[in-house]
Amino acid sequence: MQPTVVQQLDLDAIPRGTRAHLALETVRDGLGADMLVPVVVARGARPGPVLGLTAVVHGNELNGIPVIHRLLQELDLSRLAGAVAAVPVVNVPGYHRNERRFNDGADLNRTFPGREGGTNAEVFSWRFLDRAVRHFDYLVDLHTASFGRTNSLYIRADLRDATTRGMAEAFHPQLLLHNRSEDGTLRDAALDLGVPAITVEIGNPQRIQEDLVRHSVGGLQRILALLGLVDHTPPAPPPTPPIRCGRSYWLYTDRGGVLEVFPPLLASLDAGAHIAQVRDIYGVVTRDFHAPEAGVVIGRSTNPVNQTGSRILHLGIEGDPETAPAAPDA
Ligand SMILES: [Zn+2]
């Protein structure tokens, strides 16, 4: 069916107990044509909150698309309270070009809230926020690792806030990372609008990972139950409890060359563990890297081409926000 072109996400215009395929007007391209953002609204038979789902804010981070498709397919609208408003692709030009960034080179997830009268990416961000996100009561933003890296299935959320912590725990990812929210992210802009929001990082870019997709669909179904959109029992979470990290940081190389990173995702590292090695192009080992403190591998580089300052791995420090040990002196 042809989507209905709309200028605002007006949920009340959609009859209760039905599903609508919308195309949201944002900006116009160089041909003067609308850049239309796809939105699926599943409106329940009964009143209730609106859960917004967004994917592909970064154009090559694709696992969120089948997560949204499958969640919607399994929803019983006659038993749904409120609505699920899902945006399978936010960054339309990035998606077409298989690239992280928007078509002016900006990183959309550093551009929110944007502004009317701003750059290409700023206007787009502002209008997407104003025309879509403003109508949500809650938001789950679906991402993956960036090009040249892999991620576990982990959530970035403010674990000190009861609502966002509850959403993150109900999802039951492999790892929960306390993180208030960085300036310019969609999550940060939603929080500023009073919309509780979490970010889910689902594995790797530019591919669909079936096991992580299935895990994530179950996670969203548990969030629907938590927020009262469904009253039936959601699928049980996986038996392994999520690893909880109170803080995290990336380790970077200080020597260029061919990089090899040793530990797999979610590996538990002791302080001083040998984590990576650099060889020059003649094969001579020029640098070894060690874990500065004990932690767990949240994400890691898979790209051996390492200019000085490239990422090695994303180290999570286990513990609650309050109890995670302070960083050691550099
Ligand atoms: Zn991303």
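Filtered by the rule that a residue be outside any loop (DSSP other than H, G, I, E, B) and in contact (Cβ under 8 Å) with a residue 60 or more places away in the chain, the stretch 164-189 gives GLY166, MET167, GLU169, LEU175, LEU176, LEU177, HIS178, LEU186, ASP188, ALA189. ARG110 meets the conditions (1) more than 14 Å from the ligand (Cβ to nearest atom); (2) within 21 Å of LEU191 (Cβ to Cβ); (3) open to solvent by 30 Å² or more (accessible area, probe 1.4 Å) in every case but one. The failed one is (1). Scan the stretch 145-157 and tell me whether some residue there is more than 27 Å from ARG244 (Cα to Cα), open to solvent by 20 Å² or more (accessible area, probe 1.4 Å) and not hydrophobic (A, V, I, L, M, F, W, C). The answer is no, given that none of the residues of the stretch 145-157 is more than 27 Å from ARG244 (Cα to Cα), open to solvent by 20 Å² or more (accessible area, probe 1.4 Å) and not hydrophobic (A, V, I, L, M, F, W, C). Applying the set (1) within 17 Å of THR185 (Cα to Cα); (2) open to solvent by less than 10 Å² (accessible area, probe 1.4 Å) to ASN63 leaves exactly one unmet item: (1). Please specify each residue of the stretch 297-314 satisfying the condition of being under 24 Å from the mean Cα position of the chain (by Cα) and part of a loop (DSSP other than H, G, I, E, B). Listed by number, the residues that qualify are THR302, ASN303, SER310. Pairs meeting the criteria (first residue in the stretch 145-163 and part of a loop (DSSP other than H, G, I, E, B), second residue among the hydroxyl-bearing types (Ser, Thr, Tyr), beta carbons under 7 Å, at least 6 apart or on different chains) are GLY148/SER301; GLY148/THR302; ASP158/THR164; ASP158/SER181.
Please pick out the residue among ASP141, ASP130 that is charged (D, E, K, R) and either surrounded by fewer than 17 Cβ atoms within 10 Å (Cβ to Cβ) or out of contact with any Ser or Thr (no Cβ under 9 Å at 6 or more places or on another chain) (or both).
ASP130
The values are calculated or read from the model by the stated rules, or taken from the named source; none is laboratory data. Quick caveat: nothing in here was measured; it's all calculated off a predicted structure. Backbone-built Cβ (ideal geometry, glycine too); neighbour counts: all protein chains shown. Accessible surface areas use protein heavy atoms only, side chains included; no ligands, DNA or RNA. Shrake-Rupley method; radii C 1.70, N 1.55, O 1.52, S 1.80 Å.
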